[in-house]
Amino acid sequence: MTNETLAGYANLSLYSAMAVFTIAMVCHAIYLAGLLPARDRAVAKDATSARERELVGAGAPAETVSAPAAAAAAGSPTDGPELSKRARSAAGIASTTTWLGGLLLLASVVLRGLSVDRWPLGNMFEFAVMGSMFTSLAYSIWSTRRDLRWLGLFITGPVLLVLGMAVAVWYTEAAELLPSLKSYWLVIHVTVAVISTALFTLAAAATGIYLLKDAFQRSGRASVLDRFPDAPSIERTAYGLHIVAFPLWTFTLIAGAIWARQAWASYWNWDPKEVWTFVIWVVYAAYLHSRATSGISRQTAAWISLAGYACVIVNFAVVNVFFVGQHSYSGL
Amino acid sequence: MADSTTITQPRLGAMGWARWTWRNLTSMRTALFLLLLLAIGALPGSIWPQRSIDPARTSDWIAQHPKAGPVLDRLGFFEVYASPWFAAIYLLLFISLVGCVLPRSRVHWRAMRSTPPRTPSRLERLDDSARAEVDATPEQVVAAAREVLRGRRFRVHSHDEATVSAENGYLKETGNLVFHLALIGVIVGVAIGHLLGWKGDVIVPVGKSFSNTLSQYDTFAPGPWVNPDTLQPFTITVDKLDAKFEENVTGRGQFGQPRDFTAHLTTTTSPGAKPTTETVKVNHPLEIGGAGVFLLGNGYAPVVTVKDAKGQETYSGPVPFLAQDNNYRSVGAIKVTGADPKPLGFSGLFLPTAVIDKEQGPISIFPDAKRPALALTVYEGELLPGGRPQSVYVLDTSEMTQLKDAKGSPLRIWLEPGQTYQLPGGRGSITFDSVDRFAGLSIRHDPGKGITLVAALLALAGLIASLVVRRRRVFVRVSPAEGGGRTVVTVAGLAKGDDDGLRKVVEQVLGEVTTRATAAAGTTADSRPRATAPTGTEMDPRS
């Protein structure tokens, strides 16, 4: 097969993935809508659950840990018989199509790599596609271990947006790389950067939902968020993602410095992208610090991590394009 | 004995204030604030042009913003990473780090050498606790608990006969301390590199040689403690420079992109040593004489010959022209001091693939030398007025006159390789012989980079340990139950921070202790009729 044919198939896979993610996004939304109980059922449910809570609290100290805490720790939305069949099947379609979308993106990445005879990570388009692939595959793989259907809409939506930007704005034909990118460090440094960005994306989505749910709970308003897992366990989920992504980002920084010494003669040049990578690292370090400081609330820590994610977005979308430096290749 | 209406408060003396300042500086909250401040402080260096990276762009920016430029300059926005306020932030951060980490290291050292604490008297009050009744004596249960916990790699100690205390996960704090101390190592490596390192740039046309001495560099920046006389005098000759550009893919942003640059060199490590041939590419530097030689730039050096009216050569050789855009439209100057009657200066453009555009004039449309041309104007007069230093690529025409053609407009010379132009007024001729390339070499010596790398990797290892390892304490308390020979055993866990897995660990420990104690009791009960019982019959409950 010629290079052009392979590149054409890669693009075809990408478009198919986008169509599939649209279906996944809609089905995730239908599932979330199905979580909303009908108004009369909601009133009855509130009354019974309030009574249950009183009973548990009044009893003797439990021999083993109490059941509500166990459910909260498991981190699953309280399904119950209220979840309609339509919502359940929508969730099933959603998770299957998310898997399919992720695998189609994997096919697109592999075909693109075969068409150019190199690791497919040389410009913003390839970076966006590989990042979306890692995000959706990480979500799918992790959802085999615990119930993450509540997070699905907030993953497939942004992934679809990024793929749209990739196709419309950042697309560039499959071709060779600039001389400074022809190094095995490309595979190491940029791939680890993409993986940590994908994990930061998952964590940011979970953190956003945590802050929303926390705000709703404190104001006492009822909403569909009541059917999500409880706020502390969402926050712990986000923390778990951050402690995997942060060492990977540290490694990205170190590997980038080693490569910079090979390519640009010095391991640190205060290039804008290097500066922003460092800024991201510092902000997430501040997040980890704030979570370990007793006087700082979990909400403050969550906001710091969202500031870090904003820096991640700026690092990718703004620094490459608008700031002049050694990372801005006019091939983009 | 104070009056009830006067307010008395403790007052801090100088030592008190110093202690208060130190305690706040080394607190986690201050560290958090300083970290965020460091992040914000680093941003201006990426937005505004920096003098250390691109001095020309910086001066341009200041010139284009006459009101904001000088103000920002005085505030240090064009040299952010060398500015005093940025240095203040990271120095405070490091003082805070050292002031917090050293006492914590002392505490951790003592904790590592001590035993786990006493078991709390009411274990049921802990969040993660579990209780069961076991068919075994209290001593058997305690022994089983010790074995189970030791098997799970806890440090075990019994403060009395009815309790067992266990602790593990010391690696978490060790990793934390290693990470923070390794950051200091990074700073030390950076400082050594700055003080004892040097860097220099030189442009070497193909065919020419370069030797590692101070005078031969185009620019040379030594660290404060570097003695330029101690540079190892290796030599480099550039034999050939290959450059390849994209010619096949015509998509946006791809056509004309550089694909490969390779410099073929002959090097000797010291005068008189055996020459070796080496190749330097963009990601493959040459390591020689303790320094790294990097191919950072390249360009064209058209070879010209200038003759006087009698036909004698007054100048011959390659002249580097500096590229101005991605298609290598290059500017430069040819200075002929020995020209007859007056010194001549040619200035203008070299275009590797020359085309005359209606609006922009002579431009290059492709970076490779597909259709090279020189477009020059000529001046004559004093090339070095006042003996002032000047750029090799620019003519100082303050004491020169431009040559004009017959109509009175400035003389424009257009030469393609092999062509000769006869200068008016018997001034001789200029011939464009051929096109050569030059290699832009950057040579760097950084003695601290090894320390920085090792420290950074140690920091990464310490970070992973501190985030992944769980620091836990497990307590076991036994008490005899009614109906002799039975024991009530309570297991409880305490974790440092959030720990989702602690509950499962507590339940598993309880299960294993129960099984092991029951098995021990069963074996002892079976073996009572027999005087000697082989201890090997006891089955391992965990297998």
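Neighbours of B:Lys67, meaning other residues whose beta-carbon lies under 15 angstrom from its beta-carbon, give a summed charge of 0 when Lys and Arg score +1 and Asp and Glu score -1.
For segment A:164-282, the relative contact order works out to 30 percent when only alpha carbon pairs closer than 8 Å and six or more residues apart are counted. Of B:Lys240/B:Lys335; B:Lys199/B:Lys449; B:Lys208/B:Lys342; B:Lys240/B:Lys281; B:Lys172/B:Lys504; A:Lys85/A:Lys213, which ones are farther than 18 Å apart at the Cα? Check vs 18 Å cut-off fails for B:Lys240/B:Lys335; B:Lys208/B:Lys342; B:Lys172/B:Lys504; A:Lys85/A:Lys213. Shown here for segment B:447-530: GluC sites (Glu not before Pro) in loop regions (DSSP other than H, G, I, E, B) with at most 13 other Cβ atoms within 10 Å, namely B:Glu482. Local charge sum around B:Ser429 (other residues, Cβ-Cβ under 13 Å, Lys/Arg +1, Asp/Glu -1)? Here the count lands on -1. In the protein assembly as shown, a dipole from Cβ-located charges (positive for Lys and Arg, negative for Asp and Glu) runs towards its positive end, and of B:Ser466, B:Ser209, B:Ala439 it is B:Ser466 whose Cα lies farthest in that direction.
Shielding value for B:45-55 is 4, the average number of Cβ atoms from other chains within 10 Å of each residue's Cβ. Report summary: the helix-based calculation at 222 nm, which adds -39500 (n - 2.57) for every DSSP H run with n ≥ 4 and divides by the residues of chain B, gives -10000 deg cm²/dmol.
Ranking B:Gly497, B:Thr277, B:Trp198 by Cα position along the charge dipole of chain B, where only Lys, Arg, Asp and Glu carry charges on their C-beta atoms, puts B:Gly497 farthest toward the positive end. Excluding same-chain neighbours fewer than eight residues apart, the aspartates and glutamates reachable from B:Lys404 by a Cα-Cα span under 20 Å are B:Asp308, B:Asp340, B:Glu380, B:Glu382, B:Asp396. Between segment A:162-214 and segment B:6-48, how far is it from one alpha carbon centroid to the other, in angstrom? After rounding, the separation between the Cα centres reads 37 Å. Toward the positive end of the charge dipole of segment B:132-270, with +1 on the Cβ of Lys and Arg and -1 on the Cβ of Asp and Glu, the farthest Cα among B:Asn176, B:Ala166, B:Leu241 is that of B:Leu241. With N the number of residues in segment B:436-501, Rg(Cα) / (2.2 N^0.38 Å) evaluates to 2.64. The C-alpha atoms of chain B define a longest principal axis, and helix B:170-196 lies at about 20 degrees to it.
With +1 on each Lys and Arg Cβ and -1 on each Asp and Glu Cβ, and nothing else charged, work out how big the dipole of the protein assembly as shown is about its Cα centre, in Debye to the nearest 20.
1960
Against the main long axis of the alpha-carbon atoms of chain B, helix B:502-527 sits at an angle near 40°. From most to least packed by mean Cβ count within 10 Å, the peptides B:57-64, B:297-304, A:306-313, B:206-213 give B:297-304, A:306-313, B:206-213, B:57-64.
Annotation for segment A:130-185: chymotrypsin sites (Phe, Trp or Tyr not before Pro) lying in DSSP loop with at most 13 further Cβ atoms inside 10 Å of their Cβ are A:Tyr184. Across chain B, Cα pairs under 8 Å and at least six residues apart give a relative contact order of 19 percent. Averaged over the residues of B:502-511, the number of partner chain Cβ atoms lying within 10 Å of the residue Cβ comes to 1. Among the residues of segment B:147-194, which ones have their accessible area go down by 10 Å² or more when all the protein chains sit together, as opposed to their chain alone (1.4 Å probe)? Residues of segment B:147-194 that lose at least 10 Å² of accessible area once the other chains are added: B:Phe179, B:His180, B:Leu183, B:Val190.
For the protein assembly as shown, what does the equivalent ellipsoid look like in terms of its semi-axes, each the square root of 5 times an eigenvalue of the Cα gyration tensor, given largest first in whole Å?
68, 34, 28
The values are calculated or read from the model by the stated rules, or taken from the named source; none is laboratory data. Treat the numbers as computed from the prediction; the structure is a model and nothing was measured. Neighbour counts run over all protein chains shown; Cβ positions are idealised from the backbone, glycine included. Heavy atoms of the whole protein, side chains included, go into the accessibility calculation; ligands, DNA and RNA do not. Shrake-Rupley method; radii C 1.70, N 1.55, O 1.52, S 1.80 Å.
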